[in-house]
Amino acid sequence: MTEFAIILLSAVLVNNYVLTKFLGICPFLGVSGKLETAIGMSFAVMFVMTLASTASWVIQQLILIPFNILYLQTLFFILIIAALVQFVEMVMHKTSPVLYQGLGIFLPLITTNCAVLGVAILNVQQDYTFFASVLYGFGAAVGFGLVLVLFSGLRERLEGAPIPVAFKGSPITLITAGMMALAFMGFAGLVKV
Amino acid sequence: MIFLSSPHQHGGNSIQLTMYSVIIALLPAAMVSVYLYGWLAVFLLSLCIGACLLTEYMCLYWMGKNTNRVWDGSAALTGLLLALTLPAAIPAWMALFASIFAIVLGKQLYGGLGFNPFNPALAARVVLLISFPLQMTTWLIPMHAGATLEMYDFVTSLKFFLFGPDAIQQTWDAVSMASPLGYVKTELTQGVTVGEALVNYNYSTLHAFIGREAGSLGEGSALALLMGGIWLMARHTISWHIPVSYLATVALIAGLFNLINPDLYAPPLFHLLAGGLILCAFFMATDPVSSPSSGIGKLVFGFGCGLLTWVIRTFGNYPEGAMFSVVLMNCAVPLIDYYVRPRVYGYKRGSKA
Amino acid sequence: MFDLWDKIQQSLHLKSQRHFTGGIVHARQYKITAHQPIITCPVPDVLIHPIKQHIGEPCEPLVKVGDRVLRGQMIAKAQGYLSVPVHASTSGTVFKIEDHTIPHPSGMGLPSIFIKADGLDEVDESLHPLPNYRSVDAVELRERIRNAGIAGLGGAVFPTFIKLVHDHHNPVETVILNGIECEPWLTNDHQLMVEKAHEIISGMDIVLHLVEAKQGIIAIEDNTLDAVEVMQKALVDMGLTELIRVQVLPTKYPQGGEKQLIQAITGKEVPAGRLPLHVGVVSFNVGTSKAIYDAVCLGEALTERIITVSGDIVEKPANMVVRLGTSMRFLLSECGVADFDNLKIIHGGPMMGELMSSIDVPVVKASNGILAMQRQTIMQAHHEEEPCIRCGDCGDVCPAALIPNLLAKHCKEDQFERAEDYQLFDCIECGACSYVCPSHIPLVHYFRYGKGQVAQIQREKTFAEESRMRSDKRDARLAQELAEKEEKRRIAQEKKEARAKALAEQEAKKAAEEVDAPKTIENKPEETS
Amino acid sequence: MDFLFPIIIFSLLALVIGVGLALASRYFHVEGDPLADTLDNLLPQTQCGQCGYPGCKPYANAVAAHEADINHCVPGGERTMLAIADIMGVEPKTIEQEATAPVVAYIREDECIGCTLCIKACPVDCIIGAPKQFHTIITDHCTGCTLCLEPCPVDCIDMIATPELLEHWSWPVPGTKRALTGEQRKTQHEGVSGEKHV
């Protein structure tokens, strides 16, 4: 039980994908402009990442290892992720067209999102059990979502601020992200893995 | 035609009044720091405040804003707060760097007063702690305890402040000691219980309260900080929500775990008095700009700070979690503002128009 | 000094009695007209009666230019339900009916009836006194109160008769008489209570009788304790102590607000979008109560009211009985103001009153105070706006428990949906937030701007919806016309074709016949040949 | 033949996923374009055609299909443009034409010859009249689209400013000296977005 808690806590806070591993920066900066969009993206990524880590574990154990084709790992993972993203896109288009429009190009981009591929690859590297790898994927996604939502809140707050012209837009966004990463350094050593 | 809306009368409160009240409330703590570290404290305080004011002036000047804003007290307050969170042994150039960082990246780039999402002083402090962990956790032996040191006269202090221990023919080890928090943490990793560690350290709650333990400049005396903090509360410059919920959370969690296993978890009173908790609770977390607006939001904010402080202190790599916790909770302020709101007149809790 | 415990209790809602959320305490020094006896302002030569002096629908003028009117004569009749009539304040001649500036922040005008006073001040006797109001039918009493033109004289001017119903589903338990001075500077209600206690209480008794309430509460703040004594004495004199009691409340602004007063006295909150009747309460101002007494027992329509004339430029500040329709210029010169160039007039109190764009606006039913201030004083209060430091003081004093700083930020950035999400429309515009703001942000102004814009957007939306409907209908009509035309054309075509066909057939037949004929002809010769 | 093996496996997997997705796409098929309707609801419905499309709905369809730019609605003004930009997730653009004050059409009746041409032109059917009779405009319904001006053979239609009503009056943005500083601040940080538009 403690093991699972540690995996989850580590993935959410200590080894946060965005702020300590610097994975998934593209959607982190791209869709954090508005709170609603960020929340939608968080859930989409949560869904994709959890399923991707599950599927990648299954493929790794049932196909890649038995048939000894580990060199095709990336190819297989991308295939699975692409299919998942496609699926999420269809569901979202049906259920929430505005969110679909708001996420725009970033939704299909989850496919090539390093965070999603990263979770699949890091997962199999660490030789987790099935349940642990599902949890790891979920934890990483929660960490991503948490940071994304926090960050979108901060960016909304910056919206009306009289930021010097030279720093408006991306510069101040990156500075804020940097400050957040520094703050998250405080969690260092929280779990000894 | 100019349209001026009611009210046509004003209560007379102003930004200056607020800022200078906080500065006045911090004076007792600053005096205690001078008592503990002599000229060194004076140097550090004046360097930080001076650098902050100058940087602020420069920023305002270059950005073509009204340079009179420099006297609104916020820059001086940032400098003062920053100095109070730094260890007395910090090299001068680091303090200078931190001051400039606080004003430029912590405040002016976000558009100046009122728009910074993070507490500028704490942001600078966190940057220093992560960049220079050694210097930031080297605590000078206070004047009264290190009477044998003979480094607290003006000239030696100045040399030490500018050029480090080598300039006065000392080593770091000779002039520094562990802070209670750091000591307990190190001992715990070596299997010593909290109780034993405290005895070994010769820890006294009374000393921690009136301010005789090693630590950052302003952390020394809980008494001085409490005096200032309570005065501010009585003046309504800060509201009671954050300090109360912050300290109560730390005390409750620490107490609970201390009951479960007193060998592993330090007692609540130790947590409350150690490190920068009181300073953070009364002066950092209550920074109006980077804390939530509503009362109930402030309670949540304080709770989050308390929880994170205890978690980082107990489980993390860093012995002190107070400033990390405040900066972390600063990230969450917009969300707290959005999701945690007071119940509006005429509505049931949780229901909206 | 330490009201920490008080505050904790309040914010945890442990102590809702005798407190409302938020609020501020003003310095007493501004009440310069306190304890000054009420004096009567003379009747000016010209009286101006705008046709709408209440909340609701405007009235329709009943008089023509040249008509002679008497004091208390109805000169504009109510239209619709939410409306009360307007009466002439003195006897005289109507000399014009045209648009005139009304006391409104926009400085815009409304059609107004101008009366030239003849100095006789003859009274119209059409409303006969009903001193035995207990034996009068409730419907008639209500009609009387309406016909006397009574609307809430505290400043909100909501037609009073609407509140005075006895509804079996929502029985009124408590009638609250609002004796709280709604604003700093103003003292008119206080002085009225001191001088006309019996009339006020009789008015309240009429209301109690009308709504069949069990108890009446007179709410008075603890900075006007002399009024408490007078009222209590009057209650004893009239033998109404069983029914009506006086409740003293700690002085706090905006306690005079209806919702806040109800919260302070009963601990109940009026649900959003409902009337106080919903929680079994009816509340009205002391001035209104006096007006009800006048209308019912004396048969007098509402033609005058008590106004505090004050301000730092006024030499003789006073509480005055003023005829409705008196111009503010006349009123101020009566109070010793000579220089009209360097002053600003606030209609109402400093917290919720409005700056007037002209000095020639008339006194209306809503005028509870007129403050003439030096331009400089006003401009000082409207200090340059500084950035918000998010101190949260505005939220602490907000009686509606909003978060004003965030609300203002969203209004300022035109994010009205977010602002509505932060419940912009629950703001009562009391001004407490702007008053305490250390950054001098005109929060109320931003809220008003936001509310106006939201209303504007809503209007545009409704209009767009209408236009779309009309456009769709037109398209449908055009399509139908087209289809009909097509159909006609088709039918015509068919007919034409049919005709053509018939013609062709005929032709063919003819031709055939012709062909046949020549054949025959041809044949014939053949035959013949 | 070993190299064939992975290819077969991969293809099989891809096939399975492909079939799955095909089924899913059938199940989650979206009827019509909800986006165009959302956009149409934002437009002012003046049907004025200033956007180059014959009405509001066609313009909404074009924007939803990324065929038209978001800044063509003149009567909608900046607010509508921003709302569309928000929904479409694109950068706001400036509107070329300045929106004018709201106007309504007014027919000088003594000059009207009763030709009914304007009646035919009105997109919202708010002109009434019969041939050889004066026409008049129901001002409450007029959208101010100016489409009736051109067909009028005797130029008897004026566009007059909508009368301001007391009930419709609203507070302007705080307009004192302090508001001026706020205004300056606004233009200052809008400077960037302004440059972006160019």
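The values are calculated or read from the model by the stated rules, or taken from the named source; none is laboratory data. Source: prediction; values computed, not measured. Here the Cβ positions follow ideal geometry from the backbone for every residue, glycine too, while neighbour counts run over all protein chains shown.
Things worth noting here:
- Close contacts from the range A:166-179, counting a first residue that is away from chain D (no Cβ under 13 Å) and hydroxyl-bearing (Ser, Thr, Tyr) and a second that is crowded, with 16+ Cβ neighbours inside 10 Å and in a helix (DSSP H, G or I), with Cβ to Cβ under 6 Å and a gap of 6+ residues or different chains, come to A:THR176/A:LEU154.
Let's see how each residue does on (1) surrounded by fewer than 14 Cβ atoms within 10 Å (Cβ to Cβ); (2) assigned to a loop (DSSP other than H, G, I, E, B):
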| residue | (1), (2) |
| --- | --- |
| D:GLU91 | yes, yes |
| D:GLU111 | yes, yes |
| D:LYS132 | yes, yes |
| D:GLY144 | no, yes |
| D:LEU147 | no, yes |
| D:PRO153 | yes, yes |
| D:ILE160 | yes, no |
| D:GLU164 | yes, yes |
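- Residue selection: A:GLY145 fails the criterion of being within 14 Å of chain B (Cβ to nearest Cβ), touching an Asp or Glu at 6+ places or on another chain (Cβ under 8 Å) and either in a helix (DSSP H, G or I) or among the small types (Gly, Ala, Ser) (or both).
- Pair list, Cβ under 6 Å, 6 or more apart: the range C:381-394 residue under 18 Å from B:TYR110 (Cα atoms), other residue part of a helix (DSSP H, G or I) and of a type in the set (S, T, N, Q): C:CYS388/C:ASN405; C:ARG390/C:ASN405
- Annotation: of all residues in the range D:1-58 being within 14 Å of chain C (Cβ to nearest Cβ) and of a type in the set (S, T, N, Q), the one that is farthest from D:PRO123 (Cα to Cα) is D:THR38.
- Under the condition of being under 17 Å from the mean Cα position of the chain (by Cα) and away from chain C (no Cβ under 14 Å), the residues counted in the range B:101-127 number 11.
- Scoring B:MET151 on the criteria (1) buried (at least 19 other Cβ atoms within 10 Å of the Cβ); (2) touching a residue at least 60 places away in the same chain (Cβ under 8 Å); (3) outside the structural domain of B:PRO319 (by TED's automatic domain parsing) leaves a single failure, condition (2).
- Flag if C:ILE313 is outside the structural domain of C:GLY257 (by TED's automatic domain parsing) and either without any contact (Cβ under 8 Å) to a residue 60 or more places away in the chain or in a strand (DSSP E or B) (or both): no
- Of the criteria (1) over 20 Å from B:MET284 (Cβ atoms); (2) touching an Asp or Glu at 6+ places or on another chain (Cβ under 7 Å), which one B:ILE103 fails: (1)
- Only one of the numbered conditions (1) surrounded by 20 or more Cβ atoms within 10 Å (Cβ to Cβ); (2) modelled with pLDDT under 90; (3) not charged (D, E, K, R) is violated by C:LEU275, and that is (1).
- Which numbered condition A:PHE131 misses (of (1) more than 22 Å from D:LEU12 (Cα to Cα); (2) modelled with pLDDT of 85 or more; (3) surrounded by 22 or more Cβ atoms within 10 Å (Cβ to Cβ); (4) not acidic (Asp, Glu)): (3)
- Checked against (1) aliphatic (A, V, I, L, M); (2) within 8 Å of another protein chain (Cβ to nearest Cβ); (3) more than 21 Å from the chain's Cα centre (by Cα); (4) not in a loop (DSSP other than H, G, I, E, B), B:ALA332 passes all but a single condition, namely (3).
- Residue check for B:PHE283: assigned to a helix (DSSP H, G or I), within 14 Å of chain C (Cβ to nearest Cβ) and at pLDDT 90 or above: no
- Subset of the range B:179-193 (residues that are under 27 Å from the mean Cα position of the chain (by Cα) and either crowded, with 20+ Cβ neighbours inside 10 Å or more than 11 Å from B:LEU264 (Cα to Cα) (or both)): B:SER179, B:PRO180, B:LEU181, B:GLY182, B:TYR183, B:VAL184, B:LYS185, B:THR186
- Restricting A:VAL48, A:VAL18, A:VAL88 to those that are crowded, with 23+ Cβ neighbours inside 10 Å and either within 30 Å of D:ILE9 (Cα to Cα) or within 12 Å of chain D (Cβ to nearest Cβ) (or both) reduces the list to A:VAL48.
- Residues that are facing chain B (nearest Cβ under 10 Å), in contact with a helix residue (DSSP H, G or I) (Cβ under 6 Å, 6 or more places away or on another chain) and more than 18 Å from B:VAL333 (Cβ to Cβ), drawn from the range C:406-427: C:LEU424, C:CYS427
Residue-wise test of (1) modelled with pLDDT of 95 or more; (2) more than 29 Å from B:LEU134 (Cβ to Cβ); (3) more than 14 Å from chain C (Cβ to nearest Cβ); (4) surrounded by fewer than 24 Cβ atoms within 10 Å (Cβ to Cβ).
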| residue | (1), (2), (3), (4) |
| --- | --- |
| B:SER6 | no, yes, no, no |
| B:ILE15 | no, yes, no, yes |
| B:TYR35 | no, no, yes, yes |
| B:PHE43 | no, no, yes, yes |
| B:GLY64 | no, yes, yes, yes |
| B:GLY73 | no, yes, no, yes |
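- From B:PRO267, B:PRO262, B:PRO319, residue being touching a residue at least 60 places away in the same chain (Cβ under 8 Å), surrounded by fewer than 24 Cβ atoms within 10 Å (Cβ to Cβ), within 14 Å of chain A (Cβ to nearest Cβ) and not β-branched (Val, Ile, Thr): B:PRO319
- Condition check for C:HIS445: within 30 Å of B:ASP72 (Cα to Cα), surrounded by fewer than 24 Cβ atoms within 10 Å (Cβ to Cβ) and not assigned by TED's automatic domain parsing to the domain that holds C:PRO254: no
- Strands (runs of 3 or more DSSP E) wholly inside the range C:64-146 that include at least 1 residues being over 22 Å from the mean Cα position of the chain (by Cα) and more than 21 Å from C:LEU298 (Cβ to Cβ): C:92-101, C:109-117
- Of all residues in the range C:8-31, none are within 14 Å of another protein chain (Cβ to nearest Cβ), at pLDDT 90 or above and outside any strand (DSSP E or B).
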